[in-house]
Each structure stands twice: as structure tokens, then as C-alpha cells.
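What follows is calculated from the coordinates using simple rules that are stated; it is not laboratory data. Computed from a prediction, not measured in an experiment: that's the story for all the values here. All Cβ positions, glycine included, derive from the backbone under ideal geometry; neighbour counts span all protein chains shown.
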Amino acid sequence: MATKKQVKETYYESIIGQGYSRRDFMKFATYIAAYMGLETSMIGQVAKSLETTYRLPVIWEHYQECTCCSESFIRSNHPIVADIILDKISLDYTLTLMAASGHQAEAAKKATMDKYKGEYILCVEGSVPLGDNGNYCCIAGKTAKQHLLEVAEGAKAIIAWGSCASNGCVQAASPNPTEATPIHKIIKNKPIIRVPGCPPIGEVMAGIIVHVVTFGRLPELDRLGRPKAFYSKRVHDSCYRRPYYDAGLFAETFDDQNAKEGYCLYKVGCKGPMTYNSCGTIKWNNGVSFPIQSGHGCIGCSEDNFWDNGPFYERLTNLPGFGIESTADTVGKVAAGVLAGGLAAHAIAASISKRKELLNRTARGKENEQKLDS
């Protein structure tokens with residue numbers, strides 16, 4: 001009896017095979033389209049692509065990092081998000097999650113590189129140390145740089161997960177003894193998506209993968225190579241404490257009454273006004289919270305050199321490019337002045353209005369007296 005030929009599954013077939021219903025699938029398509037910033041009319045295209053597209057081969061490398069990006073991803077809000085990586089796109093190699101190790105693991109990576117040359121996506125978590133000839137990070141007898149150059153050669157595109165791969169992160173903090181280097185400074189001939197954050201949000205990572213699957217191309221990127229769908233606005237712009245900032249109401253210390261009232265954390269070091277990320281809209285832990293909502297100021301982890309941009313708990317006195325916010329310490333005085341001016345103007349307007357009303361009433365009274373006399 002002939003053996004049945006193995007047929008590759010589409011994303012939809014794999015999801016249904018895992019026990020999810022059609023309804024679950026459509027909820028996921030809607031959910032991820034919303035996070036990708038797509039119009040509702042695009043939900044159908046996302047669903048159709050997942051129904052008709054075969055798995056996307058992925059090689060996920062780990063270099064000089066703490067694995068927080070992987071941890072963030074597998075703890076995503078939606079269960080299908082983790083499945084997209086772990087089961088549906090053929091995660092052919094990752095030292096953190098694969099069962100194989102040693103020679104078996106390296107053989108699996110080599111097989112994927114050969115079979116899917118020019119087709120697979122390379123995900124990189126961690127910076128590449130170039131110091132001491134790369135000896136700070138060696139895997140299977142090769143340096144991280146050697147591994148990166150080999151696997152990047154046949155990759156369709158590269159996704160740099162997290163701040164380590166995107167900008168070097170804390171390993172690259174001055175004086176950077178290991179010469180930690182981000183991916184885009186080593187690989188120059190491949191399209192690279194930078195997804196900074198320490199770690200990035202799981203739903204952001206999933207959205208980028210689904211975008212590539214849905215449209216067959218990289219998402220629109222900003223000048224730093226970050227997806228605009230998730231990095232086009234400052235944390236400051238979507239922060240629920242923003243009205244307090246505009247009103248000049250700040251916490252002076254983390255335990256003062258202003259902090260307890262939920263006032264803006266700018267003066268205790270919040271870097272939200274200079275940090276581009278979607279923490280305030282997507283949030284973490286099933287959409288429950290994000291650092292500022294939990295009472296801690298943003299440390300700017302998705303921006304280059306955030307570790308060397310001054311102490312985390314000192315406010316930035318100058319924010320280039322943000323107009324009045326460059327002197328945020330005076331916002332309270334300006335707001336108070338505007339308020340006082342507004343009150344004065346209101347009082348003057350009210351007085352004039354009242355005076356006119358009295359004059360009108362007096363005139364009407366005289367008219368009535370004249371009619372009675374006549």
C-alpha cells in the first residue's frame with residue numbers, strides 16, 4: 001500500500017487542526033488587523049491570505065540577549081498569536097524552544113537554509129559582540145557574527161527583535177566592552193525590520209509576521225527601519241496621563257500625593273515625550289496595563305542609546321523638536337497664566353453682558369412708564 005503523500009498545510013488548516021473554530025479564526029483575523037492599523041475592509045484580505053498561504057519557514061537566532069523577546073511573544077494576549085510562530089510558520093530553528101540540541105539542532109538549521117534558500121525569514125534576537133574576535137558569544141564552535149553572516153545570506157528578509165538586535169541595548173552601553181553591535185550595522189544587503197523594545201510587545205511581533213504573510217512584503221517603515229503601524233506615535237501621545245501634563249500637574253516624587261492622584265510622571269524621569277512605541281494603546285498582560293499605568297515612567301527602551309540618555313529618574317529639561325514641550329518645566333506656569341487670563345476675560349465679558357442687560361431692562365422700564373402716563 002502506497003504511503004500518503006504529505007501535503008503542506010495553510011495557516012487556516014493548521015489553526016483549525018489545532019482545535020480552533022472558524023469563529024476563532026475570524027476573531028483572530030479581526031484582532032490582528034486592528035493591531036496592524038488596517039481598515040475593517042482589510043480583514044477579509046487578512047483572513048484569505050491565512051487561508052491560502054502555506055507556512056513561512058523561520059530561523060530564529062539568539063545571540064547576546066536575555067530571551068525576553070521570546071518570552072514576550074509566547075505570553076501574547078491571543079493564543080493563536082503564539083501558535084503563529086510556534087506551530088504555523090514552521091519555526092525550524094530556535095535554541096530556546098526547539099527540542100533538539102547540539103548537532104541535531106544545527107543540522108535542522110542547515111536543512112532549512114538549503115531547502116528554502118531565498119524564502120525563509122531570519123529573526124534575530126540579541127546583539128552581535130565583535131570584541132575579542134567575537135569570542136564573547138560562540139555557538140557550536142562559531143562566533144555569533146559567523147552564524148549571522150551564514151544564515152543571512154539565504155534569507156528573504158531579517159527581523160531584528162528587540163532593542164538588543166535593533167540598537168545594541170544595555171550590552172552596548174558605554175564603554176561597551178564586548179563591542180555589542182546591532183544587526184543593521186553588520187548586514188547591509190538584506191531588508192531589515194527593526195522592532196525595538198525591551199522587550200517588544202508580543203502583538204506587535206505577531207502583527208509584523210502576519211503583515212508579511214498577508215501582503216508578501218515588508219510593512220511600511222520609518223526612517224529608523226521600524227514599522228510605522230506600531231512606532232509612528234510617541235508614548236506621550238497616547239498616554240492617559242497626558243491631560244495632566246498639558247495642565248502642568250506633575251508628580252514630584254513617586255510617593256507624593258500627586259503621584260497617588262495619577263499626575264504626569266515627566267518630572268520623575270518619564271521619557272514618554274521622546275519615545276515612539278504603542279505601549280499605551282496595545283498595552284501588556286492581556287491589555288491590562290503598561291509601565292506608566294503601573295506607576296513607573298517610560299524609560300524609552302525603544303529608542304537608540306536609551307541606556308546612555310541620562311538617568312532613568314531624571315527629567316529631560318530639553319526635548320528637541322517638540323516646541324513648548326522643550327521647556328516642559330514651565331508648562332504649569334503657562335497653564336496657570338492661561339487659566340488666569342481666561343478667568344479674567346470671562347469676568348470682564350460677564351460684567352459687560354450684565355451691564356448691557358441692566359441698560360436694556362432700564363430702557364424697557366422707561367418705555368412702560370411712558371405708555372402708562374399716556
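Couple of notes before you dig in:
- Computed lengthening from Glu71 to Lys188, 0.36 nm per intervening residue step minus Cα-Cα distance: 39.3 nm
- Taking Lys and Arg as +1 and Asp and Glu as -1, the other residues whose beta-carbon sits under 10 Å from that of Cys264 total +2.
- Residue pairs exceeding 24 angstrom between C-alpha atoms, taken from Lys117/Lys142; Lys115/Lys228; Lys156/Lys228: Lys115/Lys228.
- Among the GluC sites (Glu not before Pro) in the range 19-76, those placed in a DSSP loop whose Cβ has at most 12 other Cβ atoms within 10 Å are Glu39.
- Of the trypsin sites (Lys or Arg not before Pro) in the range 147-209, those whose Cβ has at most 10 other Cβ within 10 Å and which sit in DSSP loop: Lys188
- Residues Leu224, Leu38, ranked from the fewest to the most other C-beta atoms within 10 Å, line up as Leu224, Leu38.
- Between the beta carbons of Thr40 and Gln257, assuming R0 = 41 Å, the FRET efficiency works out to 0.40 to the nearest 0.05.
- Full extension of the chain between Glu51 and Ile139 gives 28.0 nm of extra length, using 0.36 nm per residue less the Cα-Cα distance.
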